[in-house]
Amino acid sequence: MFHNRPCGCKGQRTCLKCEESYEDVASKAKSWVTDEEKEKSYVYCPECDLAWPGWETDSWKVHPDHAGDSIKFPGVKIIQNFITEDEEEELLRHLDEVPWDLSQSGRRKQNYGPKCNFKKRRAKVDSFSGYPAFTKFIQDRFVSVDVLKNFQTVEQCSLDYPVETGASIDPHIDDCWIWGERIPTLSLLIDSVLTLRKYRGPETKYNLMDTYKYPAVMKENEVKNDEVLIEEFHQLCQNKAITKSEENTEGAEASPELDAGPNIVRLPMPRRSLMIFFGPPRYKWEHGILREDIPSRRVCITYRELTPPYLPFGSESKTGAEILKVSKNFWDHYQYYGITCSS
């Protein structure tokens, strides 16, 4: 598992290429969802905002003729046809004009944002210059989405899932030290699905303990007003009694979810849709994409915002201001990468 692998995989991450080359790597490659969990899983329906028993990706498309008993699964919004077919075609053409970098588990990436060290909790802005202008229309369209009110993009990450490398992404929670609550993702090329697994690990992982130091941006399906957010943030800073002590973080365990309910929930990501998750799906569930759910090439673009401490009223506002200033920049990718325009 510790070979220097040219495919981009590290540690326990694997793709088809390194599994074919290294026997010890191949022995570790297995699905992180059991057959028993699949039998008891639920699939979220974007039409009725409920999750229904099932596993198959497109089972939600029978709406309104669902079978079984539904459950509520708050913290998810899926906007179908967020971009048009023509916009998708042009967007993909420009994405493939820009260099792709190797990433883990068979993926490729194009990442724009501050360079973050999540262990040392440091963010460097000097290598961040903004985003390619051909993606600007996506961010501009965020203002039409109610749950993205006041959303300010500070990282834009394009991910390419080639089927020939067995691309996937292992279950994880996006780091909570600097990346904020709402995570929008635009899906391209194929219908896919995000698989969520209930998280029962220590809160020291993913910097989950940081969530006790700042307020949630969302209250159910509504974005809090700035005044409310600022007031709650100052209350948390002043009232040490309602935050977890830093001295007691070693080995801290996450509060387990109720045993009732599924361990796996699947969120459909239709082609050209925008999916936003927040609240419990953001902090209480790990999310990943199974290799079996990538039947052909998939591309997506994921966006992130800052946590409250990096906003103007927070303790890290100086660094936050630097990041937000650069995040307003959009540049011509032909000039930026020295590409000769073929048209």
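Answer rounded, prolate or oblate for region 112-233, using the Cα gyration tensor with square roots of eigenvalues a ≥ b ≥ c: rounded when a/c is under 1.5, else prolate when a/b is larger than b/c, else oblate. Rounded is the answer for region 112-233, as its axis ratio a/c remains below 1.5. Computed log10 I(q)/I(0) for region 26-136 at 0.15 Å⁻¹: -1.07, from the Debye equation with unit scatterers placed on every C-alpha and solvent omitted.
Normalised per residue, the accessible area of region 276-343 is 45 Å², obtained with a 1.4 Å probe and no contribution from ligands, DNA or RNA. Under the convention that each Lys and Arg Cβ holds +1 and each Asp and Glu Cβ holds -1, the size of the dipole of region 86-157 around its Cα centre is about 880 debye.
Surface composition of the chain: carbon and sulfur atoms hold 48% of the protein heavy-atom accessible area at a 1.4 Å probe. Residue ranges 118-128, 38-48 sort as 38-48, 118-128 when ordered by packing (mean number of other C-beta atoms within 10 Å per residue, highest first).
Could you sort the peptides 186-192, 7-13 by per-residue average Cβ neighbour count (10 Å cutoff), highest mean leading?
On the way: 186-192: 20.6, 7-13: 17.6.
The packing order, highest mean first, is 186-192, 7-13.
Once C-alpha pairs closer than 8 Å and six or more residues apart are averaged by separation and normalised to the residue number of the chain, the relative contact order reads 27 percent. Given a 1.4 Å probe, how much area per residue of region 130-182 is accessible, in Å²? Counting only protein heavy atoms, the per-residue value for region 130-182 is 28 Å².
Taking Asn329, Asn117, Asn207 as the candidate residues, the one with maximal mean-square fluctuation in a Gaussian network model of the chain, Cα springs under 10 Å, is Asn117.
Express the accessible area of region 13-117 per residue in Å², computed with a 1.4 Å probe while the remaining protein chains stay in the model. Working shown, then result.
Details: 6110 Å² over 105 residues.
Averaged over the residues of region 13-117, the accessible area is 58 Å².
Please list Glu23, Glu97 from largest to smallest accessible area, probe radius 1.4 Å, with all protein chains kept in place.
Details: Glu23 165, Glu97 45 Å².
So the residues, ranked largest to smallest area, are Glu23, Glu97.
The reciprocal of the average 1/r between distinct C-alpha atoms defines the Kirkwood hydrodynamic radius, which for the chain equals 21.4 Å.
The values are calculated or read from the model by the stated rules, or taken from the named source; none is laboratory data. Just so it is clear, the model here is predicted, and its values are computed rather than measured. A quick note on method: Cβ atoms are made from the backbone with ideal geometry, for glycine too, and the neighbour counts reach across all protein chains shown. Ligands, DNA and RNA are excluded from the accessible area calculation, which covers all protein heavy atoms including side chains. Shrake-Rupley method; radii C 1.70, N 1.55, O 1.52, S 1.80 Å.
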